[in-house]
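J.: Here it is: the structure, laid out below.
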Amino acid sequence: MERVALSAGHKGIPLAWIDVERDDRSAVLAASGQELVPVLEHDGAVVVDSTEIMRYLERIQPEPPLWPADAARAAELDVFLDWFNRLWKAWPNQIEAELVDHEEADDERIAPLSAELGSALDVFERLLGRREYLWGDFSASDCAAFPFVKYAAIPPEPDDDELFHQILAEHQPLGDDHPRLREWIERVDALPRA
């Protein structure tokens, strides 16, 4: 949901949020035919998936942009989003599955997944070389990555009992060798949200 909040905040689009209980997604199912959040309802359209909602917001209000105007750069951003959504997010999801699905977690299974998350911090650090945001200007890449990568520098709130957030904080060791990434997290954290 933070992806959508950052995107809409960047574009100055006000949103009315409706929170749903994790254990009762009947309203989401009724609205969208599936149980995953977020879901956007706007002018008769129902849009599911945070990345698709970002694309929808870009279509209805192109300025300020979330994708570069240059078609090649926009395609590169789409490749990044695909990498992040399908590969990067798989690592913490697999760690969570290992911890939840087994009585005793297999450290040998978790270690390489944790290493991948740590290595990805180097990728983000390099992307931020001499620029403030992952794609130069603030973009969908920042909206997509921030809600997850932020836990490298911002620990979960004390009352946050979400295992996934704990995994993100534990398995992304942000040391002194990622100064640009730390500054990016602070910069994006200060941006407005809808």
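J.: Whole number in Å², please: accessible area per residue of the range 133-173, 1.4 Å probe, ligands, DNA and RNA not counted.
T.: 41
J.: Report, by chain and number, residues whose modeled amide H sits under 5 Å from the one on ALA194, excluding near sequence neighbours (fewer than 5 apart, same chain).
T.: LEU6, ALA8, GLY9
J.: Report, in debye and to the nearest 20, how large the dipole of the chain comes out about its Cα centre when Lys and Arg carry +1 and Asp and Glu carry -1 on their Cβ.
T.: The dipole of the chain has a size of about 1140 debye.
J.: At a threshold of 8 angstrom on Cα-Cα distance, excluding pairs fewer than six apart, so keeping six or more, what relative contact order does the range 110-178 reach in percent?
T.: With pairs under 8 Å counted, the relative contact order is 36 percent.
J.: Among 99-105, 63-69, how do they line up from the highest to the lowest mean number of other beta-carbon atoms within 10 Å?
T.: Descending packing order for the listed peptides: 63-69, 99-105.
J.: Another one. Expected output is a single nm value to one decimal: the length gained when fully extending between ARG187 and VAL20, i.e. 0.36 nm times separation in residues minus the C-alpha distance. What is it?
T.: 57.2 nm
J.: Given H placed on each backbone N at 1.01 Å, which residues far from ALA105 in sequence or on other chains put an amide H within less than 5 Å of it?
T.: For ALA105, no residues qualify.
J.: Could you work out what % of the accessible surface of the range 58-128 is carbon and sulfur, using a 1.4 angstrom probe and leaving DNA, RNA and ligands out of the count?
T.: Within the range 58-128, the accessible surface is 52 percent carbon and sulfur.
J.: When a/c reaches 1.5 or more, the comparison of a/b and b/c decides; with that in mind, is the range 28-87 rounded, prolate or oblate per its Cα gyration tensor?
T.: oblate
J.: Right, here's the next one. Taking 0.36 nm per intervening residue step and subtracting the Cα-Cα distance, what contour gain separates LEU99 from ILE60 on full extension?
T.: Once the chain is fully extended between LEU99 and ILE60, it gains 9.9 nm.
J.: With a Förster radius of 22 Å, plug the Cβ-Cβ distance of LEU87 and ARG180 into 1/(1 + (r/R0)^6) and report the FRET value to the nearest 0.05.
T.: 0.50
J.: Could you pull the Cα extents of the range 1-151 along its three principal axes, largest to smallest, in whole Å?
T.: For the range 1-151, the Cα spread along each principal axis is 49, 46, 22 Å.
J.: Between ARG73 and GLU170, what is 0.36 nm times their sequence separation minus the Cα-Cα distance? Round to one decimal in nm.
T.: 31.6 nm
J.: Among SER141, SER32, SER114, which one moves the most in a GNM of the chain with springs linking Cα atoms closer than 10 Å?
T.: Ranking SER141, SER32, SER114 by mean-square fluctuation puts SER32 first.
The values are calculated or read from the model by the stated rules, or taken from the named source; none is laboratory data. If you're wondering where the values come from, they're calculated on a predicted model, not measured in any experiment. Positions of Cβ are backbone-derived with ideal geometry, glycine not excepted, and every protein chain shown enters the neighbour counts. The protein model used for the area step is the full one, side chains on, heavy atoms only, and it has no ligands, DNA or RNA in it. Shrake-Rupley method; radii C 1.70, N 1.55, O 1.52, S 1.80 Å.
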